[in-house]
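None of the figures in this text is laboratory data; all of them are computed from the coordinates on show. The structure displayed is predicted, hence computed values, not measured ones.
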Amino acid sequence: MIPGRSGLDVCRDIRKRTRRTPILMLTAKGQEVDKVVGLEVGADDYIVSPSASTSLWPASGPRCGARRAARRPRTWARSCSAM
């Protein structure tokens, strides 16, 4: 719960500013209509809680990693220096 605001409002505000920030909604609202609305306002994924914490990694890994890579292209030299 977010005091004084809904998660949908926060998601809308973020999307008004940027499309580059990944948004994963973790919520107790599990009805299909809730998921559809969450995705329509801009969430990249919608995970219903209580959920095993292991379900967060597959949901967040590809989306967040792909967006980071798109924001900051890695050069071969920078990739090798990180090893």
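Between amide H atoms placed 1.01 Å from N, distances below 5 Å from residue 26 occur with 47, all of them 5 or more places distant or on a separate chain. Fully extending the segment from residue 13 to residue 26, taken as 0.36 nm per residue of separation minus the present Cα-Cα distance, adds 3.0 nm.
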